[in-house]
Each structure stands twice: as structure tokens, then as C-alpha cells.
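The values are calculated or read from the model by the stated rules, or taken from the named source; none is laboratory data. Only a predicted model underlies this, so the values are computations on that prediction, with no experimental measurement involved. Here the Cβ positions follow ideal geometry from the backbone for every residue, glycine too, while neighbour counts run over all protein chains shown.
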Amino acid sequence: CARRPRPRVLLKAPTLAEMEEMNTSEEEESP
Amino acid sequence: RQVAVQRKEKDFQGMLEYHKEDEALLIRNLVTELKPQALAGTVPCLPAYILYMCIRHADYINDDLKVHSLLTSTINGIKKVLKKHNDDFEMTSFWLSNTCRLLHCLKQYSGDEGFMTQNSAKQNEHCLKNFDLTEYRQVLSDLSIQIYQQLIKIAEGMLQPMIVSAMLENESIQGLSGMKPTGYRKRSSSMADGDNAYCLEAIIRQMNSFHTTMCDQGLDPEIVLQVFKQLFYMITAVTLNNLLLRKDVCSWSTGMQLRYNISQLEEWLRGRNLHQSGAVQTMEPLIQAAQLLQLKKKTPEDAEAICSLCTSLSTQQIVKILNLYTPLNEFEERVTVGFIRTIQAQLQERSDAQQLLLDYKHMFPVLFPFNPSSLTMDSIHIPACLNLEFLNEV
């Protein structure tokens, strides 16, 4: 009989707004 | 004696491998610096498929950091390119198509049975093995909504300068110009006689161009329908608002021209197979306003006919048009105060909106129905023009 697939691990993602914030602060930090 | 040994090519499993340090180059060549024209003649939404194949390999080697990093860089790259080209319809439509396709791929190959009903056996082999990307799907869905809104804003900005001129001022019906209300002839808006005068053909040409671009780029047909419903609503709102504010266009002849223009737009929708979009329904108040301009406005029977016909116009709008209505010549009478009172009395029980003008900036909520692809990943060819030689087929 077929093997049961292993459950996939949920990858946590920031929201679009959080990504925007992270991106902005990275740009500010870079010289 | 030499024996020719034929090396069997390893089967391509539809995955693309890259070194972590090449991620920035991948995003640059495939997202931020890519010109949609470079992909003419290739599979629509090729960048989305390539990105999925890279995600799939990172999933295959169970590298969660690589998946996180690639998805974050992709999303930031798309946002960057949209910001840079925030008035470019083609570019925005291109990234809407690709973002939606990537979202569809993450569903189709998620391993969730609900999204696999149309998959072939081969496609089922291409599902993600280790990670559940549900949260990233939400981010891509939110991003798709943002891109859709940008696309509508660009299209509206291109159409808006044409609307009043093309819908209300331009006369394409022969002989109508002589039937303009007395005293208003040649007194329409300053745009009409200047360089910015547009005819309906200009609107239709522009919409043909929007439609061809979106279809060529493989944008989901359901989204294309929603774009046109939104654009037709905006055309209706801008035209009706102008009609409600300008006495010189509230005449029988403008009603006639307007009805003709609307029928041309309806015919265009049918010709492009867009009549199921709901666009015609959004034009209903304008269709009724054009009819109201043409109907007789004298007897109680006329009042009854107007009330039963103009169901998509508010009482305030009907009364305003009747008040503004300008007779063609000395033989046609003005609408009497008594007639308007009869109308008001008949419509008293209607509980309709109090506002006179339509909100031309109103946006219908957009939906992105799941649209799986029949394409299998191992059949996708990466053209040399993409400069992605550093990707290894696995």
C-alpha cells in the first residue's frame, strides 16, 4: 500500500506590510 | 577500435538548482531588470514557472532558509519593479500575470488535494515535499491585489482624458450637429475643438491595446473580465457625472449620440468575448440617462414611462436631468415644473441613494480564482536571453 506522505513544515512568513518595513529599515541601514 | 558511448541525458525533473550567492543575480535578471518584450514568443508567465522550479529545488533539499530568502527577494523585487514602472501598463500587467501564476503554482503543487484535482500524474510528482507555503501564498495574494489596483489606476489615468470628449462631445452620427440646442452650438468644453478632442474610436483603440497586452501575457481570463468591468464603470461614472453638471449636453441629440456610443462599446465587449464581465450592467445608469434624454416629457403617461424605465437612476438624478434638459429649437418645449412634480410624486416611495454624482473612484472587490496550468515543469525551456546559465536543471 502507498506510504503516507510526511506532513509538510509550515514556513512562517511576514505579512506584506512587515516585509515592506524590513526592507525600508535595511535600505536605511545600508550606507 | 573506438566504441561510441552514448551518454544518456539525465531526466530533467523540473527543478532548478542555484548557489545561494547567485540569488541576487537571479532576481536581477528574472525580475528587476527584465523587459517583458524580451519574452515575446515564449510560454506566458515564464518567470513564475522558473521561480517555482527554484523554490521546488530548495524544498527538495529541505533548505528552509533558501526558500524563505528566495520568496522574500522575489516579492521585494516585484515591488521594486512596480514602484519604478508605476505608470507602465504593460509592465504592471506582466507582473500581475506572473504573481498570480506563481500563486497558482504554489497552490497547484502544494500537495493539498483540493488544488490537485486537475493535475496529471507527472504534475503530482512535482509537488513540494517538505514545506507548507500557505503563509507565503497569503503574501502573494495581497501583492496581487496591490498590483491589480496599480493596473486599474494606470488604465484609468490613460482613459480619463478621453471620456467626456469621446462620449458626450464628439459627433459621429451624421447630421446631429445641426440639432444641437439653440445657443449651445459650438459651446461645448474647450477640449472639444482643441488638440485633446477624442472620438470613441480612441477609447476603443486603447481598450484593444489593454486587452491584447493582458491576453498575450497570460493574465487569467477572470481577472481580465474584472479589469473591464472596472473600466466600464469608470467610463459610466465620469460620463454621467458630466451629464448631470452640464446643461449643454442635456439634449435629445446628445442622448442619441450617447446611446449610439454605448452600443458601440457593447459591441466591442461582445467582439472580444467580454460581455460576461458585468461591464454592460455597470453602464445601465448611463443607458437610462441617454433614453431619458430621448423620451417625451409632457403627459402623465410620459412621466409613468420615465419612472418605470429609469430604475438605475436616483430620483435626484432624474430630476436634475429633467431640469437641465435643453430643447433643440423653438418647436420643442422645455420640461414644465408640473411634469417634474409629477415625476417626483411618483418616485416618492423609492428609497434610493441621496447622492447626485457617482463615485468614479469606487473599486469593485477583486477575486483571483484558482487557475491551475496544464503545463508540466520538465517541459519548460529557459531561453538564453534571460542570462540564467547559472541555473542547473535537476
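Where helices (runs of 4 or more DSSP H) fall entirely within the range B:279-394, those with at least 2 residues that are within 27 Å of B:Ile262 (Cα to Cα) and touching a residue at least 40 places away in the same chain (Cβ under 8 Å) are at B:279-282, B:284-294, B:300-309, B:315-324.
Contact map, the range A:1-26: first residue more than 7 Å from every other protein chain (Cβ to nearest Cβ), second residue outside any loop (DSSP other than H, G, I, E, B) and at pLDDT below 90, Cβ cut-off under 8 Å, separation 6 or more or different chains; pairs are A:Pro14/A:Met22. When B:Lys83 is tested against (1) modelled with pLDDT under 95; (2) out of contact with any helix residue (DSSP H, G or I) (no Cβ under 9 Å at 6 or more places or on another chain); (3) under 30 Å from B:Gly157 (Cβ atoms), just one condition goes unmet, and that condition is (1). Summed over chain A, residues that are basic (Lys, Arg) and either modelled with pLDDT under 80 or assigned to a helix (DSSP H, G or I) (or both) total 3.
For the range B:137-154, what are the residues that are more than 14 Å from chain A (Cβ to nearest Cβ) and in contact with a helix residue (DSSP H, G or I) (Cβ under 6 Å, 6 or more places away or on another chain)?
Going residue by residue through the range B:137-154, those that are more than 14 Å from chain A (Cβ to nearest Cβ) are B:151-154.
Correct list: B:Leu151, B:Ile152, B:Ile154.
Just one of the listed residues (B:Leu143, B:Leu71) is closer than 22 Å to A:Asn23 by Cα, aliphatic (A, V, I, L, M) and under 18 Å from the mean Cα position of the chain (by Cα), and it is B:Leu143.
The set of residues in the range B:99-136 being surrounded by fewer than 21 Cβ atoms within 10 Å (Cβ to Cβ), at the interface with chain A (Cβ under 9 Å from one of its Cβ atoms) and assigned to a helix (DSSP H, G or I) consists of B:Thr134, B:Glu135. Of all the criteria given as (1) more than 25 Å from the chain's Cα centre (by Cα); (2) of a type outside the set (S, T, N, Q); (3) more than 11 Å from B:Leu286 (Cα to Cα); (4) crowded, with 21+ Cβ neighbours inside 10 Å, the one not satisfied by B:Leu245 is (4). Within the group B:Ser263, B:Ser188, B:Ser209, which residue is at pLDDT 95 or above and under 30 Å from B:Asn329 (Cβ atoms)? B:Ser263 is the lone residue from the list that is at pLDDT 95 or above and under 30 Å from B:Asn329 (Cβ atoms). Put simply, of B:Ser373, B:Ser379 the only residue that is under 30 Å from B:Ala48 (Cβ atoms) and surrounded by 14 or more Cβ atoms within 10 Å (Cβ to Cβ) is B:Ser373. Yes or no: B:Leu96 crowded, with 23+ Cβ neighbours inside 10 Å, away from chain A (no Cβ under 12 Å) and part of a helix (DSSP H, G or I)? In short, yes.
Here is a check on your reading of the model: is B:Gly183 at pLDDT below 95, out of contact with any Gly (no Cβ under 7 Å at 6 or more places or on another chain) and in a helix (DSSP H, G or I)? Here the answer is no, as B:Gly183 does not meet what is asked.
Take the conditions under 30 Å from the mean Cα position of the chain (by Cα) and either modelled with pLDDT of 95 or more or not basic (Lys, Arg) (or both) and apply them to B:Thr282. Does it pass? Even if it seems obvious, please write down each step before you answer.
Working: under 30 Å from the mean Cα position of the chain (by Cα): yes; either modelled with pLDDT of 95 or more or not basic (Lys, Arg) (or both): yes.
In short, yes.
Can we say B:Asp11 is modelled with pLDDT under 95 and out of contact with any strand residue (DSSP E or B) (no Cβ under 6 Å at 6 or more places or on another chain)? So B:Asp11 passes the test. In summary, B:Gln226 fulfils each of the numbered conditions (1) more than 30 Å from B:Pro44 (Cα to Cα); (2) touching a Gly at 6+ places or on another chain (Cβ under 9 Å); (3) part of a helix (DSSP H, G or I) with the single exception of condition (1).
Just a yes or no: is a residue in the range B:152-164 buried (at least 16 other Cβ atoms within 10 Å of the Cβ), modelled with pLDDT of 95 or more and under 20 Å from B:Asn29 (Cα atoms)? Looking for residues that are buried (at least 16 other Cβ atoms within 10 Å of the Cβ), modelled with pLDDT of 95 or more and under 20 Å from B:Asn29 (Cα atoms), one finds none in the range B:152-164, hence no.
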